Amino acid sequence: MQQTIWQPPAGWQSRPVCVLGGGVLGRRIAACFVAAGYQVRIRDPSAKSRNDAVQYIKDNISAFTTLSGREPGSYYALEDLPEAVKDCWLVFEVVPEILTIKEDTFFQLESHAPNDCIFASNSSSKGEYDLRLIVIRIRKSPIRLLYEST
């Protein structure tokens, strides 16, 4: 197997970030990226979660930008996963802690996200090992996965 050397996504500074999941944790992760000046797309199949995520950022962005010291970026929420991840340099997965949902999410990402996109996951109950196995089955390499556990 040939060793792949990681390279940052091309033009990442001007490309959007996507957060998959507009729930309590997802909306806060999205707010952090907005406060850092990024363009952020929040994808959630639930209209209520999308609306709640946008309202949370609107209501709290000044507190986040006070901490970041930057001008906020833009943000919006949408339902369509292919549209949400198109052109993104980073997709942060914050879907429910059900392995089949996480697995399906990563398979969809592989089909729709740019080839140089980094997949990030925040998981509190599933191990890093499970997610790496998903990525290995998809691409034969876990090089695109950034894992954060709470």
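None of the figures in this text is laboratory data; all of them are computed from the coordinates on show. Fair warning: this is a prediction, and the values are worked out from it, not measured in the lab. Counting neighbours? That spans all protein chains shown, and the Cβs are built from the backbone with ideal geometry, glycine included.
Each peptide in 6-13, 77-84, 94-101 receives the mean, over its residues, of other Cβ atoms within 10 Å, and ordering these scores from highest gives 77-84, 94-101, 6-13.
For region 5-22 versus region 35-51, the inter-centroid distance based on Cα atoms is 15 Å. Taking Cα centre as origin and charging only the Cβ of basic (Lys, Arg, +1) and acidic (Asp, Glu, -1) residues, the dipole magnitude of region 1-116 rounds to 380 debye.
Efficiency by 1/(1 + (r/R0)^6): what FRET value for E97 and A47, r their Cβ-Cβ distance, R0 = 25 Å, to the nearest 0.05? Between E97 and A47 the formula returns 0.70. Computed extension gain for A63 through Q13, at 0.36 nm per residue and net of the alpha carbon distance, reaches 15.7 nm.
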